[in-house]
Every structure is written in C-alpha cells, then in structure tokens.
Amino acid sequence: MCTRTLVSSNDTYLMAMNRDEKITRGTGLSSEIHEFDGTRAIYPGDSEGGTWFAVNEYGIALALLNWNDVALGGIAAKTRSRGRVIPALMSSRSRSDLRGVFGVSSFQGMLPFRLIGVFPAEQEIWEWRWDSTQLESQVHLWEPRHWFSSSLSDDRAETFRGTVCRDAQHESDAGSVPWLRRLHASHGGGPGPFSLCVHREDVKTLSYSEIMVTPGHVQMGHFRGSPCTMAQIHPIEIGRADCHDPAVWRIGSSAI
C-alpha cells in the first residue's frame, strides 16, 4: 500500500514514496547508511530488518510495493517477508549486476509484490512483478512516472490518485522538491482511503521518503509520520561512487 513518484532528467532524478500500512505496525526505523560488500546504501527499516525503499552510492534506487490485484499463484501462506528483497540487492553496481542477483534469488514464500528499479547510469526504469510463483519484468522509458497500490484495490488507487497526479502536472513548480512533497501530502477529494496521503480507520500513510540523485551526490530524506504533518527533512548524503571527484563524499544535514 504505497504511492511512488519518479521525476527524471538525464542522469539526475528525484523520487518519493509514501508508505501506507496498518497503524499498528508503527512508523518504522529512521534511514541509515548500510554497507553491503563494500557498497553503501541508505534506507529506513521495518521491524523485521527489511525495507521498502532504498538507494545506493551508484544512484540505483529500489522501491517495493505490494501487488494486491493479482490472483495468488498457489502460495499456501506467507513464510518470508517481502521487506528482505531490497537489502539482498543493494550491493549491485549496475543493472546487469542486479539482474545477476535475481538469477540466483528465490522469492518462494513471499506474497506478491512489484519491485521498481531506477538505474541512472543506463537511464532505465525496470519493474519486476512476483505473483507468488513466477517473476516477470518490463522496462519503462526514462521519464516521470507514478506507481500506486492499495489493499482495497490497486486499480482504484491508480484511478483516484492518478487523476490527482495528472492535474498536479499543470502546477507552475511541477517536478520540483516542494511540488513533490506537496503532492505526496495531498488529500485530493478529502482525506480518505485513496488520497495520496492515506487516512483510514486502521491504515494511514506512516512515513514519507525522498531520494535525490545528481552526478556527484546521492541523498535520502525520511519523515516518520503522515506527510500532511511534515516539517523540514534532514537528509543523509553520500558521494556518488561513479563520480570522479573524491572530495564530494560527506554526510549532510541540510534539507533537500
């Protein structure tokens, strides 16, 4: 249950994601730098040690959404958390690296999901879909996109939220960081189950995460709480590993 937005331009991009979950699950952990086989990655965590959104020092970002409008392909019961998918892939330094890891990965025991991968070096966007028995993939053009999911209906979420997102494209600052935050905090039609910032009796948007990748830097900001209550974000920043200027590495605290 999430909304994800990508704003791309050459090898620079912005990406934001709302995490919609049962209120009883809590807001999760703050974002931190993790290291996998010598590759640094930034992401927030869930209670089971996984994540739903991450970016590594090569500018590769991954986002996981539940896939609700699909018939289960024979799974008897959930035995493994979908949140473990992204950490297992974050050592990848290129699209081909990540596809290689997929070749030896098993998602048996996981409920259906959609995994979105953004690869700025190749200027490609990949989407993988796991229906609980098999994995399919498709490639999207390097252009702005939105993805939506809801436990009530992925299709209805796409219809309602998609209309809000299309209307927002006409705003004068469309594609900017303030616009991205305003969009993900919006309650088009009033706060409810299909507004971008979700408000239901037992479910709401528990956090907002934001990635910015430029030729020299990678950073993630994370807000624990409904984005409609969000104040300033203080991101974590690292140097981009394929940048040739070693002086760009640092951890920053200025707002994105």
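The values are calculated or read from the model by the stated rules, or taken from the named source; none is laboratory data. All of these numbers come straight from a predicted model, not from anything done at the bench. Note that each Cβ is placed from the backbone with ideal geometry, even for glycine, and that neighbours are counted across all protein chains shown. Just so you know, the surface numbers come from the protein's heavy atoms only, side chains and all, with ligands and any DNA or RNA stripped out. Shrake-Rupley method; radii C 1.70, N 1.55, O 1.52, S 1.80 Å.
Look at (1) more than 25 Å from residue 124 (Cβ to Cβ); (2) modelled with pLDDT of 95 or more; (3) of a type in the set (Ser, Thr, Tyr) and you find that residue 254 fails only one, number (2).
The set of residues in segment 138-150 being polar (S, T, N, Q) and open to solvent by 60 Å² or more (accessible area, probe 1.4 Å) consists of 138 alone. Taking segment 98-123 as the range and being in contact with a strand residue (DSSP E or B) (Cβ under 6 Å, 6 or more places away or on another chain), within 15 Å of residue 6 (Cα to Cα) and of a type outside the set (Gly, Ala, Ser) as the test, the residues that pass are 115, 116, 118, 120.
Among the numbered conditions (1) out of contact with any Asp or Glu (no Cβ under 8 Å at 6 or more places or on another chain); (2) farther than 18 Å from residue 242 by Cβ; (3) not in a loop (DSSP other than H, G, I, E, B), the only one that residue 43 does not meet is (1). One residue alone among 100, 162, 109, 59 is modelled with pLDDT under 90 and either open to solvent by 30 Å² or more (accessible area, probe 1.4 Å) or within 25 Å of residue 12 (Cβ to Cβ) (or both), and that residue is 100. Take the conditions within 27 Å of residue 47 (Cα to Cα), modelled with pLDDT of 90 or more and either open to solvent by less than 20 Å² (accessible area, probe 1.4 Å) or not in a strand (DSSP E or B) (or both) and apply them to residue 117. Does it pass? When the stated conditions are applied, residue 117 passes them.
If you filter segment 120-137 down to residues that are of a type outside the set (Phe, Trp, Tyr) and without any contact (Cβ under 8 Å) to a residue 40 or more places away in the chain, you find that the one that is surrounded by the fewest Cβ atoms within 10 Å (Cβ to Cβ) is 136.
Note down all Cβ pairs under 6 Å where the first residue falls in segment 54-67 and is without any contact (Cβ under 8 Å) to a residue 24 or more places away in the chain, the second is surrounded by fewer than 24 Cβ atoms within 10 Å (Cβ to Cβ), and they're at least six residues apart or on different chains. Final answer for the pair search is none.
Per-residue answers, yes or no, for (1) basic (Lys, Arg); (2) under 23 Å from residue 126 (Cα atoms); (3) surrounded by 21 or more Cβ atoms within 10 Å (Cβ to Cβ):
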position	(1), (2), (3)
4	yes, yes, yes
11	no, yes, no
24	no, no, no
42	no, yes, yes
48	no, no, no
55	no, yes, yes
63	no, yes, yes
71	no, yes, no
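Applying the criterion of being closer than 11 Å to residue 165 by Cβ and in a loop (DSSP other than H, G, I, E, B) to the residues of segment 175-194, the residue that is most open to solvent (accessible area, probe 1.4 Å) is 188. Screening segment 195-216 for residues that are acidic (Asp, Glu) and assigned to a loop (DSSP other than H, G, I, E, B) and picking the one that is least open to solvent (accessible area, probe 1.4 Å) gives 202. Every test in (1) at pLDDT 95 or above; (2) part of a strand (DSSP E or B); (3) over 15 Å from residue 2 (Cβ atoms) is passed by residue 136 save one, and that test is (1).
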